[in-house]
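The values are calculated or read from the model by the stated rules, or taken from the named source; none is laboratory data. Note that the structure is predicted; figures quoted are calculated from it, not measured. No Cβ is skipped: glycine too gets one built from the backbone with ideal geometry, and neighbour counts run over all protein chains shown.
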Amino acid sequence: MDWLYFTEAETAALLLSIKVALWCTVISLIPGVATGWLLARKDFPGKPLLDSLVHLPLVLPPVVPGYLLLVLLGSQGIIGQWLQQQFGISLAFNWKGAVIASALMAFPLMVRAVRLAIMQIDARLETAASTLGASKLRVFLSITLPLAAPGILTGLILAFSRSLGEFGATITFVGNIEGETRTLPLAIYTYTQVPGGDAQAMKLVVLSVLLALAALFISDALERRAARHLASSSHD
Amino acid sequence: MIEFELDLKRGNFQLQASLNSEASVIGLFGPSGSGKSTLLSLLTGSLQPQHGRILVDGRCLLDTARRINIPVHQRRIGMVYQEGRLFPHLNVRHNLSYGLQLLKPAQRRFKLDDIVALLELGPLLEQRPRQLSGGEQQRVALGRALLAAPQLLLLDEPMAALDDRLKAQILPFLRRIKDETGVPMLYVSHALHEILTLTQHIAVMQAGRLLAHGDAYEVLGTEHVLPLTQSLGLENLLKLQLLPSPQESGCSVALCGQQQVVLPWVDAVAGCEVAVVIPASSIALAKQRIEGISIQNQLHGTIRAIRTHDQRALLSIDVGAELLVEITEKSRQDMDLQCGDSVCCLFKTQAIRLLGHQRKA
């Protein structure tokens, strides 16, 4: 077997994985930062409940969120039907559904990273900014957000990596359709189920490891750069 | 200028304070935990009282009865904290202009360049807060607050985290701000001499209440306040005129009114003004000049007022400047000191603490 030759199916799985992971990262950004901020800075009734809900995907077997997504967002689900009728959007058994599934599973990691980053910012700086005339939104944008940037970046990379590895929720919600929802982990799984597919599975396993290492390496480099920027360089 | 009535209960702590003052600079003095910082948070609006009313220059910022509550960022009350609270991700220039760039051109009161010149921040502009010394950070914090064009500037122990040398560096700037900008200030400290450098108008706070406010000596002599100043150590702040003196002697000589004071060596040219602190309890009194004594300073003066409390007497003595002297009530009675008596105030050179001096005469 040629290690450098990728079949069309393998290339499709790789590109799909990256597409799904990128979209997952993009759609997690705003809700992840908002939820992280809420949990770090605000006290409100139901905060422990929200905290638990956000973290559920971390502790549940991934098949459970996947099944719930299928029930709610599938073509027969309440939200799924509504989306279909109102906007003509279908999430069931296509790559968009795979994005939703992996975003849900990656969300706790994103929120934890953001919350930790925001909690480490001295809230008194935010008070100082407001006495200087900054509205709450401006304080958030000009003080909180830049100071939390390294943590947010970590969260995004974690979400990206988690999405690359997503298996259980994806296969339950959107199935294992070649070219549509068969990401790398699903492709590996498929090959292991086929007699004689071991070598192909191994090839994709190596690819997955390399991809994950690259993501972690880039994350580390970006974080160092952000930390250095915060510490020393000039504002402009 | 400022008028407030505030009522806040939080757990076991209750703050009930009201003030109505026209003074441009008010010093708020009180022991730690007396509620000074809480009062400031109420004024800026980061804390809400159960009941209250705040007016600054006739502008209503809070009136619980009328359901008026201007949010923090619209109150235009500047704040300088004990720690600079500079934004670590912005350089000095951007820290300074943070509030300025949020103002409409018509609301702006100072130009960046003017404040930079006033506080001598030019060489620091491109630096990051963590590269600055504590004193420099406080100067930037002062500038940043001023540039936001506050109608009232609150200073919450802005020098408490600085050592004496740095305090001496900041004090002249505070005086400059007071003299040159005309921004009304409420200066909070538990160090009375710091307050007295800036203003004679003080308010005293204890256990969540404002005990008194008005002219410093009047206030400090009142029955409730005197024990407080004694426990915190009452200090005199004097401004002296430096006379030429040889460095070999290790001491400098300066003029207090018409009389000479020998103080620790000051590295400044003759004619400069020197600010010194002398604790009221470090001064002894004698009925006449004493010869053959190691104490270098014997200032003649006249007793202007006497207040006694709890076996201690606080005397105000005119030696060309006002000097507060604290002795036991027993010595006062033994010496039979009365208002109008002339006395000699004795204090050692070492009892004098230098605060700072003008750079040139």
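Tabulated data
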read-out: Scan of the range A:19-40 for residues that are closer than 19 Å to A:G165 by Cα and without any contact (Cβ under 8 Å) to a residue 40 or more places away in the chain, ordered by number; value: A:V26
read-out: Condition broken by A:E166, with the remaining ones in (1) among the charged types (D, E, K, R); (2) over 23 Å from B:K104 (Cα atoms); (3) within 14 Å of chain B (Cβ to nearest Cβ) satisfied; value: (3)
read-out: Of all residues making up the range B:173-211, the number that are in a strand (DSSP E or B) and among the aliphatic types (A, V, I, L, M); value: 9
read-out: Hits in the range B:160-172 (condition: crowded, with 17+ Cβ neighbours inside 10 Å and either β-branched (V, I, T) or assigned to a loop (DSSP other than H, G, I, E, B) (or both)); value: B:L162, B:I170
read-out: Residue that is under 21 Å from B:L315 (Cβ atoms), in contact with a Phe, Trp or Tyr (Cβ under 6 Å, 6 or more places away or on another chain) and polar (S, T, N, Q), where the choices are B:S252, B:S282; value: B:S282
read-out: All positions within the range B:177-207 that are among the hydroxyl-bearing types (S, T, Y) and farther than 12 Å from B:S34 by Cα; value: B:T181, B:Y187, B:T197, B:T199
read-out: Tally of residues being modelled with pLDDT under 75 and surrounded by 15 or more Cβ atoms within 10 Å (Cβ to Cβ) across the range B:217-247; value: 11
read-out: Some residue of the range B:106-127 being over 20 Å from B:Q16 (Cβ atoms), more than 8 Å from chain A (Cβ to nearest Cβ), crowded, with 20+ Cβ neighbours inside 10 Å and touching a strand residue (DSSP E or B) at 6+ places or on another chain (Cβ under 9 Å); value: no
read-out: Close pairs (9 angstrom Cβ cut-off, 6 or more residues apart or separate chains): facing another protein chain (nearest Cβ under 7 Å) in the range B:75-98, outside any loop (DSSP other than H, G, I, E, B) and of a type in the set (F, W, Y) anywhere; value: B:F87/B:Y98; B:L90/B:Y98
read-out: Among (1) out of contact with any Gly (no Cβ under 6 Å at 6 or more places or on another chain); (2) part of a loop (DSSP other than H, G, I, E, B) - the single one A:L91 does not satisfy; value: (1)
read-out: Pick from the range B:42-74, criterion more than 14 Å from chain A (Cβ to nearest Cβ), without any contact (Cβ under 8 Å) to a residue 12 or more places away in the chain and not charged (D, E, K, R), ranking: farthest from B:L186 (Cα to Cα); value: B:I68
read-out: From B:R144, B:R165, B:R128, B:R139, residue being without any contact (Cβ under 8 Å) to a residue 12 or more places away in the chain and closer than 22 Å to B:E83 by Cβ; value: B:R165
read-out: The listed residue being in contact with a helix residue (DSSP H, G or I) (Cβ under 9 Å, 6 or more places away or on another chain), within 14 Å of chain B (Cβ to nearest Cβ) and part of a helix (DSSP H, G or I), out of A:G151, A:G133, A:G155; value: A:G151
read-out: Criterion (in contact with an Asp or Glu (Cβ under 8 Å, 6 or more places away or on another chain) and hydrophobic (A, V, I, L, M, F, W, C)) met by exactly one of A:V194, A:V139; value: A:V139
read-out: Pairs, first over 17 Å from A:V99 (Cβ atoms) and modelled with pLDDT under 90 in the range A:66-85, second in a helix (DSSP H, G or I) and among the hydrophobic types (A, V, I, L, M, F, W, C), C-beta under 8 Å, six or more apart; value: A:I78/A:L72
read-out: Strands (runs of 3 or more DSSP E) completely within the range B:241-321 that count 2 or more residues being polar (S, T, N, Q); value: B:259-264, B:297-309
read-out: Residue match in the range B:33-40 (condition: modelled with pLDDT of 90 or more, outside any strand (DSSP E or B) and under 22 Å from B:L147 (Cα atoms)); value: yes
read-out: The range A:194-236 - residue that is within 14 Å of chain B (Cβ to nearest Cβ) and assigned to a loop (DSSP other than H, G, I, E, B) and, of those, modelled with the highest pLDDT; value: A:S232
read-out: Odd one out for A:A128, checked against (1) crowded, with 22+ Cβ neighbours inside 10 Å; (2) away from every other protein chain (no Cβ under 14 Å); value: (2)
read-out: Criterion violated by B:E3 - all others in (1) within 18 Å of B:R76 (Cα to Cα); (2) out of contact with any helix residue (DSSP H, G or I) (no Cβ under 8 Å at 6 or more places or on another chain); (3) surrounded by fewer than 17 Cβ atoms within 10 Å (Cβ to Cβ); (4) in contact (Cβ under 8 Å) with a residue 60 or more places away in the chain satisfied; value: (4)
